[in-house]
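Have a look at the structure below, then the notes.
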Amino acid sequence: MTNLFDPELLDRCISCGFCLPACPTYALTGDEGSSPRGRINLMRALDTGVLDVDDPRVREEASFCLGCRACEPVCPAGVQYGQLLETWRDLQWTGRHRPVVAWGLMTVAARTSLLRLVGLVRRPARGAAAGATSLMLGCFERGLFPGVSRAARRLLPGVAVPADQGCCGALHAHNGQSHQGEEMARRLGEQLPGVIVTTSGGCAAHLATVLGRDRVHELSEHLVATGVTPVGEVRVDGRRARVALQDSCHLRNGLGVSAQPRALISAVADLVAVPGEASCCGAAGTYSMLRPRDSRRVLDPKLDAVEAAGVDYVVAVNPGCLRQLDTGLRRRRSRVRAVHLADLLADAAGGRALPRPRRRALRAR
Ligand code: SF4
Ligand code: SF4
């Protein structure tokens with residue numbers, strides 16, 4: 001098969017290499033084949049039939065890429081790498097090449113009845129069914145971090161929280177089923193009236209691609225855009241808390257949202273800049289499950305930097321990043337706690353208290 005990719009997207013790359021320093025997998029290996037330019041060359045080889053999906057290097061690189069899109073904002077030619085990767089994985093991750101873990105997660109996420117059951121057990125936010133703005137509950141956030149949507153609801157008292165809402169389909173779009181991912185986003189757009197507010201940077205980017213930028217707001221951009229001023233202060237041991245931010249890749253690289261969460265954190269705590277805070281944490285959707293060793297290779301230097309900065313909290317704006325940071329910090333028994341931005345702001349305002357940083361780090365990895 002040939003002509004598999006949209007030529008307008010594939011031909012845009014001028015092979016300049018400006019994207020190489022931004023790519024985390026290139027930084028790990030120093031190998032051109034594991035860079036954005038190298039991967040686009042593999043896509044071209046697929047497109048012309050020089051290589052096929054069974055080629056070991058093609059298979060490896062389709063999976064090794066984090067899909068973080070850090071190559072996009074630095075590209076002078078405007079290559080939309082994320083879209084190319086979705087097409088690549090549609091071709092690559094089918095039949096016997098489909099990762100079983102990703103398939104299992106997608107099957108669960110696609111069943112709204114199962115998500116409703118998770119919601120009954122884990123009790124995420126509840127509220128009115130209709131309004132000018134709707135809060136999206138997410139699929140895995142509903143089960144793993146139900147307190148995040150409750151905190152977001154406290155920050156946005158007028159927001160509607162329709163109970164009957166499915167998954168946005170980002171998981172499908174990034175794991176070889178982009179058409180189903182689009183369809184699920186459209187369906188969610190019908191279930192959630194008005195502007196959709198989400199506490200997940202990854203979901204925001206996917207939904208905005210399908211429904212349009214005006215319909216979708218990530219929480220921090222919504223709070224800033226609507227002029228909500230955070231109240232209170234987060235304190236630790238009688239002082240203002242020191243807080244770092246881990247950017248969400250798709251929020252930053254796909255939607256260009258990075259100043260808003262920083263402004264909100266600065267309003268309630270001392271924001272501490274940490275080297276590498278804008279690069280991928282290795283969660284990358286299903287990546288941490290499909291490639292746990294590579295995921296840790298990406299995460300560990302980041303956690304070293306967070307600990308060296310002497311912060312109390314590291315804030316995530318995406319549930320996958322929150323899980324990744326929390327797991328990594330617990331594994332090394334760090335005193336630093338990973339929390340979601342919604343929880344930080346709700347704590348400052350006198351809502352549900354955050355877990356306190358541990359007194360002493362018990363280093364164990
Ligand atoms: S993706 Fe963009 S930055 Fe990277 S080689 Fe192609 S044109 Fe250059
Ligand atoms: S998406 Fe991330 S890991 Fe993949 S090529 Fe681009 S920068 Fe590298």
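Kindly check whether there is at least one residue in region 261-276 that is modelled with pLDDT of 95 or more and either outside the structural domain of Val243 (by TED's automatic domain parsing) or touching a Cys at 6+ places or on another chain (Cβ under 8 Å) (or both).
To start, the set of residues in region 261-276 that are modelled with pLDDT of 95 or more comprises 261-276.
Restricting the remaining residues to those that are either outside the structural domain of Val243 (by TED's automatic domain parsing) or touching a Cys at 6+ places or on another chain (Cβ under 8 Å) (or both) gives none.
The answer is no, given that none of the residues of region 261-276 is modelled with pLDDT of 95 or more and either outside the structural domain of Val243 (by TED's automatic domain parsing) or touching a Cys at 6+ places or on another chain (Cβ under 8 Å) (or both).
Yes or no: region 24-32 includes at least one residue that is in contact with an Asp or Glu (Cβ under 7 Å, 6 or more places away or on another chain) and more than 19 Å from Thr286 (Cα to Cα).
So far as region 24-32 goes, no, none of its residues is in contact with an Asp or Glu (Cβ under 7 Å, 6 or more places away or on another chain) and more than 19 Å from Thr286 (Cα to Cα).
Conditions: (1) within 14 Å of ligand 2 (Cβ to nearest atom); (2) in contact with a helix residue (DSSP H, G or I) (Cβ under 7 Å, 6 or more places away or on another chain); (3) at positive phi. Asn3 meets all but one. Number of the miss?
(1)
Would you be able to say whether some residue in region 80-103 is more than 25 Å from the chain's Cα centre (by Cα) and either under 26 Å from His172 (Cβ atoms) or surrounded by fewer than 18 Cβ atoms within 10 Å (Cβ to Cβ) (or both)?
Going residue by residue through region 80-103, those that are more than 25 Å from the chain's Cα centre (by Cα) are 95-96.
After this cut, where a residue has to be either under 26 Å from His172 (Cβ atoms) or surrounded by fewer than 18 Cβ atoms within 10 Å (Cβ to Cβ) (or both) as well, the list is 95-96.
Yes, region 80-103 has at least one match.
In region 308-349, which residues are in a helix (DSSP H, G or I), touching a Gly at 6+ places or on another chain (Cβ under 8 Å) and of a type in the set (Gly, Ala, Ser)?
The answer is Gly320, Ala348.
Just checking, how many residues over region 128-161 are in contact with a Gly (Cβ under 6 Å, 6 or more places away or on another chain) and over 20 Å from Pro230 (Cβ atoms)?
So the answer is 5.
Can you tell me which residues in region 14-44 are near ligand 1 (Cβ under 9 Å from one of its atoms) and of a type in the set (S, T, N, Q)?
Of everything in region 14-44, those that are near ligand 1 (Cβ under 9 Å from one of its atoms) and of a type in the set (S, T, N, Q) turn out to be Ser15, Ser35.
Which one of these is away from ligand 1 (no atom under 13 Å from the Cβ) and either modelled with pLDDT of 95 or more or within 28 Å of Gly320 (Cβ to Cβ) (or both): Asp54, Asp47, Asp11? Quick ask: steps written out before the conclusion?
Details: Asp54 fails: either modelled with pLDDT of 95 or more or within 28 Å of Gly320 (Cβ to Cβ) (or both); Asp11 fails: away from ligand 1 (no atom under 13 Å from the Cβ).
Residue meeting the stated conditions: Asp47.
Pull up region 16-53, narrow it to residues that are of a type in the set (D, E, K, R) and not in a loop (DSSP other than H, G, I, E, B), then point me to the one that is nearest to ligand 2 (Cβ to nearest atom).
Applying the first criterion (of a type in the set (D, E, K, R)) to region 16-53 yields 31-32, 37, 39, 44, 47, 52.
Pick out the ones that are also not in a loop (DSSP other than H, G, I, E, B) and you get 32, 37, 39, 44, 47.
Values: Glu32: 12, Arg37: 9, Arg39: 5, Arg44: 14, Asp47: 17 Å.
Result: Arg39.
Is there a residue being farther than 26 Å from Gly67 by Cα and either outside the structural domain of Cys168 (by TED's automatic domain parsing) or in contact with a Gly (Cβ under 6 Å, 6 or more places away or on another chain) (or both) anywhere in region 91-109? Explain how you work it out, then say what you get.
Within region 91-109, the first condition is being farther than 26 Å from Gly67 by Cα, and the residues that meet it are none.
No, region 91-109 contains no residue that is farther than 26 Å from Gly67 by Cα and either outside the structural domain of Cys168 (by TED's automatic domain parsing) or in contact with a Gly (Cβ under 6 Å, 6 or more places away or on another chain) (or both).
Testing Cys71 on (1) in contact with a Gly (Cβ under 7 Å, 6 or more places away or on another chain); (2) surrounded by 21 or more Cβ atoms within 10 Å (Cβ to Cβ); (3) not hydroxyl-bearing (Ser, Thr, Tyr), one condition comes back false. Which one is that?
(1)
Filter region 182-194 down to residues that are crowded, with 21+ Cβ neighbours inside 10 Å and touching a residue at least 40 places away in the same chain (Cβ under 8 Å) and give me whichever is farthest from Val53 (Cα to Cα).
Of all residues in region 182-194, those crowded, with 21+ Cβ neighbours inside 10 Å come to 184-185, 188, 192.
This time we only want the ones that are touching a residue at least 40 places away in the same chain (Cβ under 8 Å), so: 184, 188, 192.
Details: Met184: 27, Leu188: 32, Leu192: 38 Å.
The residue in question is Leu192.
Given the structure, is Ala125 away from ligand 2 (no atom under 12 Å from the Cβ), of a type in the set (A, V, I, L, M, F, W, C) and either part of a helix (DSSP H, G or I) or touching a Gly at 6+ places or on another chain (Cβ under 7 Å) (or both)?
no
With respect to the numbered conditions (1) buried (at least 18 other Cβ atoms within 10 Å of the Cβ); (2) on the phi > 0 side of the Ramachandran plot, which one is the sole condition not fulfilled by Thr286?
Single failed check for Thr286: (2).
Examine region 238-261 for a residue that is closer than 19 Å to Ala151 by Cα and charged (D, E, K, R), and state whether such a residue exists.
Looking for residues that are closer than 19 Å to Ala151 by Cα and charged (D, E, K, R), one finds none in region 238-261, hence no.
The values are calculated or read from the model by the stated rules, or taken from the named source; none is laboratory data. In this text, all values refer to a predicted model and were calculated from it rather than measured experimentally. Methodologically, a virtual Cβ is constructed for each residue, glycine included, from the backbone with ideal geometry; neighbour enumeration extends over all protein chains shown.
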